[in-house]
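The values are calculated or read from the model by the stated rules, or taken from the named source; none is laboratory data. All figures in this text were calculated on a predicted structure; none of them were measured in a lab. Glycine gets a Cβ as well: all are built from the backbone with ideal geometry, and neighbour counts include every protein chain shown.
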Amino acid sequence: MARLRVCLVIEGSYPFITGGVSSWVHELIGGLAQIDFVLFTFSPEADQKLRYTMPPNVVEHRDVVLTKGPAGALRRRARGPGRGDPVAGALESHVRMFAGASPDLDGLIASQSEGRGLHRDAVLDPRAWTFVGAQNRRRNPLYPFSDYFWAWKSSHDLIFNVLAAEPPEADLYHSLSTGFAGLAALAAKLRRGKPFLLTEHGLYHKEREIEIRKASFVRGYQRDMWTRVYNRIASICYKNADLCTSLFEENRRYQLELGALPERTVVIPNGIDVARYSVAREKREGAFHVGFVGRIVPIKDVKTFLIAAKLLLERVPEARFYLIGPDDEDEAYAAECRRLAADLKIDDRVEFTGRKDVLEYYRFLDVVVLTSVREAQPLVILEAYAAGIPCVSTDVGNVSELLEGDRRLIAPVKDAGRIADGIEYVLRHPQEMAELAAKNRARTIAVYEKRELLARYGALYAGFAPGGPAGAPGGPAGATGGPAPGGEA
Amino acid sequence: MAGIGFELRRLMETRTISGFLGAAFSGTFIVAGPWIISAASVAAAQRLPFFAGEGVALAFTGAMVWAFALSLCASSGPLYAFVRLSADLVYDRRMGEASTLLLKTAAIAAAASLPLGAAAAALLAPGAANAPLRAAFALLLAAVDTLWVAMMTVTVLRKYGLILASYGAGMLVMYFLAARLGPVLGAAGGLFALAAGYGLTALLLVAITVVSLGAAPYPRALRGLLACGWKCRNLVLSGFAYAVGTWADKVVLWAFRGVASPGTGFAVFPPYDTAFYYANLGIIPGLVFFTLATETDFHLDLKRFLVFLAHRRQPDIEAARVRLARNSRIAIRDQSLFQGVVTVALALLAPALSAGLGFSAPTFVVLVAAAFFQLVLLTALNMLFYLELYRDAAVSALAFAFLNAGLSLGAASHPVLPLGLPFLLACASAAAIALAFLRRGLAAFDRIVYLRASGEEFGR
């Protein structure tokens with residue numbers, strides 16, 4: 001019997017960037033050795049360095065540079081029976097998409113040849129110009145036209161590039177987010193007639209919205225347009241996915257709000273190899289050891305961690321801080337963090353370890369701190385729990401649930417003072433923390449065990465396999481009484 | 001030339017008669033000064049006694065006209081690319097590199113012209129007796145080609161007095177050399193003198209530019225020029241086609257009805273060439289009007305429109321586009337009215353002028369009318385260049401070249417047709433085509449700019 005071939009559709013993470021989602025993917029692939037995986041990745045630039053050693057069951061990798069569309073001259077009309085005018089089709093789809101109606105995705109995708117984008121047509125064709133002008137008059141009457149045009153152009157270039165990307169052959173397309181990966185998986189589903197599984201860690205459209213609102217270079221109506229683009233893509237993905245999985249219930253509710261059908265949604269929490277992180281703890285006397293485990297990137301808000309360290313050192317001079325994680329992803333930001341530590345005069349108490357085996361640190365850390373401004377269900381908290389270490393974190397994603405809503409250990413985003421208070425609380429209450437650590441470890445074993453995660457995804461994949469059961473344990477049928485593989489509701 | 005246009009407009013805006021006359025006089029002198037100085041000097045030199053020798057005047061005039069025709073046809077295309085690259089460098093304030101580009105291009109122009117001139121002369125003036133004439137022809141071609149290159153950059157400096165002084169110095173040298181060499185070498189002596197005069201002028205202009213702008217290393221100047229030529233190939237084609245269009249009718253007439261000095265093929269057809277020469281002087285008022293009003297207005301409107309395009313709301317942009325199109329139309333109309341009056345006046349004066357200047361009045365009238373349309377064509381082409389609609393400009397110029405060549409060939413076998421009619425029809429048709437392209441381009445120019453900003457080489 002042929003091995004199942006699953007195409008993982010990924011944007012901006014595995015295998016080029018380390019982090020929670022990438023670790024999750026790597027563990028999933030490694031844990032499901034009976035399945036062949038194909039990677040269909042979307043990257044901001046070509047020839048990025050691989051950050052992971054590919055497991056042997058990764059049989060193909062196709063990377064598409066998002067900003068480089070496939071070459072394509074202006075095409076007035078697609079060739080072949082049943083194919084319409086691609087430009088008219090694209091514009092019609094645009095209207096429907098942003099009017100809140102379901103776009104004619106079948107028509108849009110059928111009107112394009114694989115490997116030939118509409119991105120040039122969308123500006124070269126005079127109808128597109130007239131259309132953009134009319135849309136601008138309606139939606140952007142108060143701001144410069146250039147704002148609207150560039151937002152339209154850049155967003156649609158990306159959309160058309162993604163739709164024109166040639167998906168690898170697979171039995172199932174599994175996207176790790178909505179956005180462009182989700183759109184590509186949906187296009188693959190429509191082109192190849194294969195099921196589309198959507199797994200969300202964070203909520204892509206929400207994350208992009210935050211970025212857009214913070215970006216100084218996104219002006220005027222551009223903010224609204226980009227936000228609408230991402231929201232509409234998310235909605236289209238939710239409505240058209242054969243199954244949407246989320247890490248926790250709150251995110252599932254967001255999916256439902258944007259159009260996912262309840263019977264096609266399921267929560268599958270993160271999972272870690274608890275045994276691996278069950279390290280023998282060794283108390284290092286003479287200091288209080290505070291760990292930050294993660295990449296040195298803005299989203300982790302390392303600067304808040306450093307300010308909290310400064311505040312804590314004023315009260316707990318024996319505290320020591322470890323930033324354990326790669327610092328080469330955003331070197332400028334990492335340099336800023338080092339400068340901040342020096343400016344705060346705490347650089348002799350703070351160690352930037354770089355990429356290290358985190359287990360060595362889990363043996364002696366007294367607390368693990370997370371200061372991220374955005375997370376889904378952070379693996380680092382689960383790892384710390386498995387190692388028996390208490391955590392202090394900002395209130396992001398599923399953290400509140402993981403920390404059982406304990407306000408003493410949860411701080412608002414960017415609140416260094418509350419983070420410092422939380423760390424001090426851990427220091428001052430060793431007995432309570434020991435009890436909490438034991439309880440958290442037991443809960444991790446019960447709910448967040450990697451074996452369970454792999455079993456559920458293994459079953460889901462099997463359920464969607466050609467000729468597979470209509471519903472698999474832990475999959476759509478098991479959780480929600482879901483659809484037949486690849487079928488439509 | 002938009003720069004001098006602005007300066008002259010400031011004079012006009014004093015709203016005094018002296019200001020207006022000063023602007024008109026300065027404009028005429030700047031636009032046509034070099035032309036007038038050269039023509040007057042050559043005319044003066046042709047009154048030297050040695051020109052009275054048998055066949056000397058015809059050989060001299062033939063070789064000189066052929067050198068100019070060949071020079072313009074061969075160098076106009078590359079020259080347009082050179083102007084474009086120089087303009088880009090000047091815009092980027094890379095003056096030293098623009099200066100170095102000028103030096104290198106001038107050297108290449110001179111070096112490439114010599115073998116071309118020698119080859120053409122070998123074809124047109126074979127035989128040992130013509131050896132001095134061939135050498136003089138090749139040198140003249142090199143000098144003229146270098147002069148075109150030098151003129152293109154030096155205008156950026158706006159040192160118009162120095163430009164005219166350089167021409168004056170060159171022509172003075174020409175005159176004195178002609179007086180010395182002419183009696184010894186005949187027509188070849190005259191040509192050597194002319195080559196020296198133009199060569200000196202070119203050298204002076206290059207020196208003025210290099211001294212004013214300085215020189216900065218530009219090691220890839222030639223590669224840059226080739227790349228620019230390839231990128232703006234339609235611009236190059238426009239230059240080439242326009243030059244061919246300008247000369248096609250003359251060459252056909254020279255071939256079919258021309259006379260040449262014995263032993264040479266430098267044929268000319270004086271009844272037509274003389275009328276054409278004087279008729280062409282008739283566009284000087286229109287050129288001044290173009291420099292003072294049409295081009296500067298268009299430049300300002302275009303600039304305003306581009307600012308609107310980047311920073312304003314859509315209704316403002318559309319209003320600016322409509323204004324640009326309307327003002328361009330009005331500017332061309334006003335210029336045409338002005339030139340029309342000049343044309344009618346010249347046509348009315350034709351009988352009187354023809355008697356004194358030695359051409360046929362009907363031919364002159366036809367050619368004056370053709371000059372009117374040629375000015376319209378030039379204006380429209382210039383505006384298309386501003387809009388970087390090089391493809392449209394190239395099509396218009398090609399239409400001009402093909403129509404003029406085709407109609408002239410057709411008319412060559414029908415001597416009853418008035419002389420200059422093919423040229424008139426070609427000018428009028430090509431002007432109409434260019435105006436239609438201009439109208440279409442202006443109507444969609446907002447889209448065109450955004451397309452280009454999106455990375456499309458639309459219309460270039």
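Out of all the residues in the stretch B:255-292, which are in contact with a strand residue (DSSP E or B) (Cβ under 8 Å, 6 or more places away or on another chain) and either small (Gly, Ala, Ser) or closer than 28 Å to B:GLY33 by Cα (or both)?
Passing the criteria: B:GLY258, B:ALA260, B:ALA267, B:VAL268, B:PHE269, B:PRO270.
All but one of (1) among the β-branched types (Val, Ile, Thr); (2) modelled with pLDDT under 95; (3) in a strand (DSSP E or B) hold for A:VAL369; which doesn't?
Answer for A:VAL369: the failing condition is (2).
When A:GLU257 is evaluated against the numbered criteria (1) crowded, with 18+ Cβ neighbours inside 10 Å; (2) within 22 Å of A:GLY397 (Cβ to Cβ), which criterion, by number, is the only one it fails?
Of the numbered conditions (1) crowded, with 18+ Cβ neighbours inside 10 Å; (2) within 22 Å of A:GLY397 (Cβ to Cβ), the odd one out for A:GLU257 is (1).
Going by what's in this entry, would A:ALA465 be described as modelled with pLDDT under 85 and touching a strand residue (DSSP E or B) at 6+ places or on another chain (Cβ under 9 Å)?
Yes; evaluated as a whole, the condition is true for this residue.
One line per residue, one yes/no per condition, for (1) of a type in the set (Gly, Ala, Ser); (2) touching a residue at least 24 places away in the same chain (Cβ under 8 Å); (3) closer than 18 Å to B:GLY77 by Cβ:
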site: B:ALA118; (1), (2), (3): yes, no, no
site: B:LEU133; (1), (2), (3): no, yes, no
site: B:ALA138; (1), (2), (3): yes, yes, no
site: B:THR155; (1), (2), (3): no, yes, no
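So for the stretch B:388-397 (the condition being outside any helix (DSSP H, G or I), under 30 Å from B:ARG312 (Cα atoms), more than 14 Å from chain A (Cβ to nearest Cβ) and in contact (Cβ under 8 Å) with a residue 60 or more places away in the chain), does at least one residue qualify?
Yes, the stretch B:388-397 has at least one match.
Residue-by-condition table, conditions (1) in the same structural domain as B:ALA394 (by TED's automatic domain parsing); (2) modelled with pLDDT of 90 or more; (3) crowded, with 23+ Cβ neighbours inside 10 Å; (4) more than 23 Å from the chain's Cα centre (by Cα):
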{"position": "B:ALA67", "(1), (2), (3), (4)": "no, yes, yes, no"}
{"position": "B:ALA81", "(1), (2), (3), (4)": "no, yes, yes, no"}
{"position": "B:ILE108", "(1), (2), (3), (4)": "no, yes, no, no"}
{"position": "B:ALA111", "(1), (2), (3), (4)": "no, yes, no, no"}
{"position": "B:ALA122", "(1), (2), (3), (4)": "no, yes, no, yes"}
{"position": "B:ALA131", "(1), (2), (3), (4)": "no, yes, no, yes"}
{"position": "B:LEU140", "(1), (2), (3), (4)": "no, yes, yes, no"}
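I'd like to know if the stretch A:177-193 contains one or more residues that are in contact with a helix residue (DSSP H, G or I) (Cβ under 8 Å, 6 or more places away or on another chain), basic (Lys, Arg) and within 14 Å of another protein chain (Cβ to nearest Cβ).
no
Give the residue that is farthest from the other protein chains (Cβ to nearest Cβ), with candidates limited to residues of the stretch B:306-319 that are out of contact with any Phe, Trp or Tyr (no Cβ under 7 Å at 6 or more places or on another chain) and in contact (Cβ under 8 Å) with a residue 12 or more places away in the chain.
For the stretch B:306-319, the residue satisfying everything is B:LEU306.
When you check A:ALA438 against the structure, is it modelled with pLDDT of 95 or more and either over 24 Å from A:ALA260 (Cβ atoms) or part of a loop (DSSP other than H, G, I, E, B) (or both), yes or no?
Against the criterion (modelled with pLDDT of 95 or more and either over 24 Å from A:ALA260 (Cβ atoms) or part of a loop (DSSP other than H, G, I, E, B) (or both)), A:ALA438 does not qualify.
Of all residues in the stretch A:139-154, how many are more than 9 Å from chain B (Cβ to nearest Cβ) and under 22 Å from A:LYS68 (Cα atoms)?
Of the residues in that region, 4 qualify.
Run A:ALA280 past the list (1) within 23 Å of A:SER177 (Cα to Cα); (2) among the hydrophobic types (A, V, I, L, M, F, W, C); (3) in a loop (DSSP other than H, G, I, E, B) and report the number of the one that doesn't hold.
Here A:ALA280 meets the rest and fails (1).
For the stretch B:122-163, enumerate the residues that are farther than 29 Å from B:GLY55 by Cβ and assigned to a loop (DSSP other than H, G, I, E, B).
Answer for the stretch B:122-163, where residues must be farther than 29 Å from B:GLY55 by Cβ and assigned to a loop (DSSP other than H, G, I, E, B): B:ARG158, B:LYS159.
When you go through A:VAL358, A:VAL392 one by one, which is the residue that is among the β-branched types (Val, Ile, Thr), assigned by TED's automatic domain parsing to the domain that holds A:ARG320 and touching a residue at least 60 places away in the same chain (Cβ under 8 Å)?
Matching residue, one of A:VAL358, A:VAL392: A:VAL358.
Quick check on my filter: what residues within the stretch A:281-298 are modelled with pLDDT of 90 or more and more than 13 Å from A:ARG320 (Cβ to Cβ)?
Scanning the stretch A:281-298 gives A:VAL293, A:GLY294, A:ARG295, A:ILE296, A:VAL297, A:PRO298.
For the stretch A:113-184, which helices (runs of 4 or more DSSP H) that fit wholly inside it have 2 or more residues that are outside the structural domain of A:SER22 (by TED's automatic domain parsing) and either at pLDDT 80 or above or closer than 27 Å to A:GLY463 by Cβ (or both)?
Per the criteria, A:126-139, A:145-164.
Does the stretch A:433-441 include one or more residues that are outside the structural domain of A:VAL21 (by TED's automatic domain parsing), in contact (Cβ under 8 Å) with a residue 12 or more places away in the chain and polar (S, T, N, Q)?
Checked the stretch A:433-441: at least one residue is outside the structural domain of A:VAL21 (by TED's automatic domain parsing), in contact (Cβ under 8 Å) with a residue 12 or more places away in the chain and polar (S, T, N, Q).
Residues in the stretch B:349-371: is at least one surrounded by 23 or more Cβ atoms within 10 Å (Cβ to Cβ) and of a type in the set (Ser, Thr, Tyr)?
no
Going through the stretch B:185-223 one residue at a time, which ones are in a helix (DSSP H, G or I), more than 16 Å from B:LEU139 (Cβ to Cβ) and either among the hydrophobic types (A, V, I, L, M, F, W, C) or in contact (Cβ under 8 Å) with a residue 12 or more places away in the chain (or both)?
Matches in the stretch B:185-223: B:LEU204, B:LEU205, B:VAL206, B:ALA207, B:ILE208, B:THR209, B:VAL210, B:VAL211, B:SER212, B:LEU213, B:ALA221, B:LEU222.
Out of the residues in the stretch A:372-384 meeting the condition of being part of a loop (DSSP other than H, G, I, E, B) and of a type in the set (A, V, I, L, M), tell me which one is farthest from A:ARG428 (Cα to Cα).
Restricting to residues being part of a loop (DSSP other than H, G, I, E, B) and of a type in the set (A, V, I, L, M), the top hit is A:ALA376.
How about the stretch B:321-339: which of its residues are more than 17 Å from B:PHE437 (Cα to Cα) and either within 11 Å of chain A (Cβ to nearest Cβ) or surrounded by fewer than 14 Cβ atoms within 10 Å (Cβ to Cβ) (or both)?
Hit for the stretch B:321-339 is B:LEU337, nothing else.
Restricting to the stretch B:415-459, name every residue that is surrounded by fewer than 19 Cβ atoms within 10 Å (Cβ to Cβ), assigned to a loop (DSSP other than H, G, I, E, B) and either away from chain A (no Cβ under 14 Å) or charged (D, E, K, R) (or both).
B:PRO415, B:VAL416, B:LEU417, B:PRO418, B:GLU456, B:GLU457
How many residues does the stretch A:207-226 contain that are farther than 17 Å from A:ARG374 by Cα and β-branched (Val, Ile, Thr)?
Result for the stretch A:207-226: 1.
Yes/no per residue for (1) crowded, with 23+ Cβ neighbours inside 10 Å; (2) farther than 30 Å from A:ARG51 by Cβ; (3) in contact with a strand residue (DSSP E or B) (Cβ under 9 Å, 6 or more places away or on another chain):
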residue: A:ILE233; (1), (2), (3): yes, no, no
residue: A:CYS237; (1), (2), (3): yes, no, yes
residue: A:PRO262; (1), (2), (3): no, yes, no
residue: A:VAL274; (1), (2), (3): no, no, yes
residue: A:LYS283; (1), (2), (3): no, yes, no
residue: A:ALA287; (1), (2), (3): no, yes, yes
residue: A:PRO326; (1), (2), (3): no, no, yes
residue: A:ASP330; (1), (2), (3): no, no, no
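So, of the residues in the stretch B:275-297 that are over 18 Å from the mean Cα position of the chain (by Cα) and surrounded by fewer than 23 Cβ atoms within 10 Å (Cβ to Cβ), which turns out to be farthest from B:PHE68 (Cα to Cα)?
Applying the filter and picking the extreme gives B:ASP297.
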